[in-house]
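The values are calculated or read from the model by the stated rules, or taken from the named source; none is laboratory data. Keep in mind it's a predicted model, so treat the numbers as computed, not measured. Because the Cβ atoms are built from the backbone with ideal geometry, glycine has one as well, and the counts that use them run over all protein chains shown.
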Amino acid sequence: LMILLVNGCHSIPQCGRTQFPRECAGLEVLQSGQCCPALTAEPGDRCGSSLGRGSCADLRADPAPHGPQYPHDGEDDRERWPLRFFNRTCRCAANYQGYKCGQCRFGWAGADCQQPVLRVRRDVLSLSTSQRARLVRALHLAKTTPHPDMVVATRHYADILGSDGRSPQFDNVSIYNLFVWTHYYSVSRTYLGDGRSFGGVDFSHEGPAFLTWHRFHLLQLERDMQVMLQDPLFTLPYWNFATGSNTCDVCTDDLMGARSNFDSVLISPNSVFSEWRNLCESIEDYNTLGTICNGTEGGPIQRNPGGNVARPAVQRLPSPEDVAQCLDVSPYDTPPFFSNSSDSFRNTVEGYNDPAGKYDPAVRSLHNLAHLFLNGTGGQTHLSPNDPIFVLLHTFTDAIFDEWLKRNASVFPFENAPIGHNRGYNIVPFWPPITNAEMFKPAAENFGYTYEVQWPSKFTLNVFILPLGKQKVSIESIALSAGLAPSIDGLKLILNKVCVEEEQLGGLELFKIHSTCAIHSLPYSLEHPRASAQENKDDPYF
Ligand SMILES: O=C(O)c1cc2cc(O)c(O)cc2[nH]1
């Protein structure tokens, strides 16, 4: 009970959000259009109103126009989400959150959700042996534990009450499979009837909502796992897929599973992930029969990192310089706010632009490249979260997003983005509704988590020190001779890390500061002088 209180569940066994709460998947509730479950046994206590936690309120849907990519208005259940299904839901007060206001907002804990929490998402490779084992166990438990609160629709709205009109079509899924299902649902085609469907729609990719959508997706899984583990501090780690190594360094049996010795596209039997079975594989059925992915699992995860011989461009992973470059793209997004937007940070980190932000249809970089590198389940949008590497790949993508948010003030498009991608759109299909705007904020202050990452710089700083015999060169003199007098403190920080290489070059001492150094150790104002220093190769000090 103590742990439930800390996590904000307030002694209520059913805590959660997303897709539809089981309490709202019954015939009468569906027909009422109101999803406002009771939090306590108190009669009439909808949304924890007796405790001042929330009340049942009208839903708001984004009225702004969407872009021209989607020409089938009226045909898709996800339009103006979630109004096709419900027009009233719980609106929570203060720091409460959840489909019946039974939880705390992200970043808050305690019985009254008044205690701020800051959790640190770490590099998965920095975890100890026991922390790795715990992560794997937790993911496997999530894969095998039924979701306590949420069920998924297995038919489009037109058929949701079944052939007799009285049998709501929903399935139970596990906690992890809900994570898979929501991603599938967001990318699925618009069913137009008679075996026809339209594929030019994607509520989670190829638009400004790419980063906000995946941020909420991870927060929801993390919270579900915290509740499952009864550990409010459980935190997902990240996979830095841009180290320059071009190998899947998390593909080991103590993490996401090594390659099987028996079949090169499968996961080693020494890893529990070899037992995982994919959800949402029957894509042909969904698109021709007009069905929706249900709770039935199919075949094993396939993965062949770097092994796509037919496509050499995706046999490599992004480099640290790619990350540094994309962080320098300042507009969040640019018209047409789509997968062909140039100079858009979102389209660059998503990976449809080159890392400097230029659109090139032949390019796959950063996030997209990491997916395609996996070459299997993790490289197909309707399936990718079935591979648990998805979680770690997206926490790193979210870390880049968060670093960009800290460095930039840019706006999220208000209108004319692809459907689902405007600022005020409720993120499909999360429940209760939450807008893109609400996720477009620095994580530490707004969601109670941060990342421990050493951000790369996009250049190598060569600092030549004039001959000084055997005299030890002080950090201050390096800084001064490099013309960085104001940055002595910053340089000290850098030098304390493992990113400085010292070598003798003729009579000169050369300090190479690697491009993988933690540029964030320096005040931002100092980044640009250093960048121009790299270009100034004639200067004897550089
Ligand atoms: O082809 C791409 O660029 C591509 C594949 C892929 C798979 C995936 O799961 C994503 O989330 C994005 C993505 N992009």
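Out of segment 44-77, which residues are within 29 Å of the chain's Cα centre (by Cα), buried (at least 20 other Cβ atoms within 10 Å of the Cβ) and part of a loop (DSSP other than H, G, I, E, B)?
47, 53, 59, 62, 66, 76, 77
Would you check which residues across segment 346-361 are touching a residue at least 40 places away in the same chain (Cβ under 8 Å) and either within 9 Å of the ligand (Cβ to nearest atom) or surrounded by fewer than 24 Cβ atoms within 10 Å (Cβ to Cβ) (or both) and list them?
Hits for segment 346-361 are 350, 352.
Would you tally the residues in segment 202-259 being part of a loop (DSSP other than H, G, I, E, B) and more than 14 Å from the ligand (Cβ to nearest atom)? Break it down stepwise before answering.
Here is the first cut: in segment 202-259, the ones part of a loop (DSSP other than H, G, I, E, B) are 202-208, 230-237, 239-258.
Imposing the further condition that a residue be more than 14 Å from the ligand (Cβ to nearest atom) reduces the set to 208, 230-237, 239-240, 242-258.
So the answer is 28.
In segment 398-441, how many residues are surrounded by 19 or more Cβ atoms within 10 Å (Cβ to Cβ), small (Gly, Ala, Ser), over 15 Å from the mean Cα position of the chain (by Cα) and at negative phi?
Selection size over segment 398-441: 1.
Could you identify the single residue in 429, 456, 413, 433 that is more than 15 Å from the ligand (Cβ to nearest atom) and touching a strand residue (DSSP E or B) at 6+ places or on another chain (Cβ under 7 Å)?
Values: 429 fails: touching a strand residue (DSSP E or B) at 6+ places or on another chain (Cβ under 7 Å); 456 fails: touching a strand residue (DSSP E or B) at 6+ places or on another chain (Cβ under 7 Å); 413 fails: touching a strand residue (DSSP E or B) at 6+ places or on another chain (Cβ under 7 Å).
That would be 433, the only listed residue that is more than 15 Å from the ligand (Cβ to nearest atom) and touching a strand residue (DSSP E or B) at 6+ places or on another chain (Cβ under 7 Å).
Taking the conditions exactly as written (more than 13 Å from the ligand (Cβ to nearest atom), touching a Gly at 6+ places or on another chain (Cβ under 7 Å) and in contact (Cβ under 8 Å) with a residue 12 or more places away in the chain), does residue 399 satisfy them or not?
The answer is no for residue 399.
Looking only at segment 324-341, filter to residues that are hydroxyl-bearing (Ser, Thr, Tyr) and within 20 Å of residue 403 (Cα to Cα); which one of those is farthest from the ligand (Cβ to nearest atom)?
330
For the condition farther than 27 Å from residue 454 by Cβ and in contact (Cβ under 8 Å) with a residue 40 or more places away in the chain, what is the one hit in 320, 335?
Checking each option against the conditions leaves just 335.
Would you call residue 197 part of a strand (DSSP E or B) and either in contact with a helix residue (DSSP H, G or I) (Cβ under 7 Å, 6 or more places away or on another chain) or free of Cβ contacts under 8 Å to residues at least 40 places away in the same chain (or both)?
Yes; evaluated as a whole, the condition is true for this residue.
Being assigned to a helix (DSSP H, G or I), surrounded by 14 or more Cβ atoms within 10 Å (Cβ to Cβ) and at pLDDT 50 or above, is that true of even one residue in segment 31-43?
Yes.
Quick check: anything in segment 297-320 among the basic types (Lys, Arg), over 21 Å from residue 204 (Cα atoms), crowded, with 19+ Cβ neighbours inside 10 Å and within 16 Å of the ligand (Cβ to nearest atom)?
yes
Tell me, yes or no, whether segment 367-383 has at least one residue that is β-branched (Val, Ile, Thr), near the ligand (Cβ under 10 Å from one of its atoms) and crowded, with 21+ Cβ neighbours inside 10 Å. Show your work before the answer.
To start, the set of residues in segment 367-383 that are β-branched (Val, Ile, Thr) comprises 377, 381.
Of the ones still in play, those that are also near the ligand (Cβ under 10 Å from one of its atoms) are 377, 381.
With crowded, with 21+ Cβ neighbours inside 10 Å added as a condition, the list becomes 377.
Yes, because at least one residue in segment 367-383 is β-branched (Val, Ile, Thr), near the ligand (Cβ under 10 Å from one of its atoms) and crowded, with 21+ Cβ neighbours inside 10 Å.
Tally time: how many residues in segment 154-194 are hydrophobic (A, V, I, L, M, F, W, C), over 16 Å from the mean Cα position of the chain (by Cα) and buried (at least 18 other Cβ atoms within 10 Å of the Cβ)?
The number of residues fulfilling the criteria is 4.
Search segment 240-259 for residues that are farther than 15 Å from residue 390 by Cα and pair each with any residue that is basic (Lys, Arg) when their beta-carbon atoms are under 6 Å apart and the residues are at least 6 apart or on different chains.
246/316; 254/132
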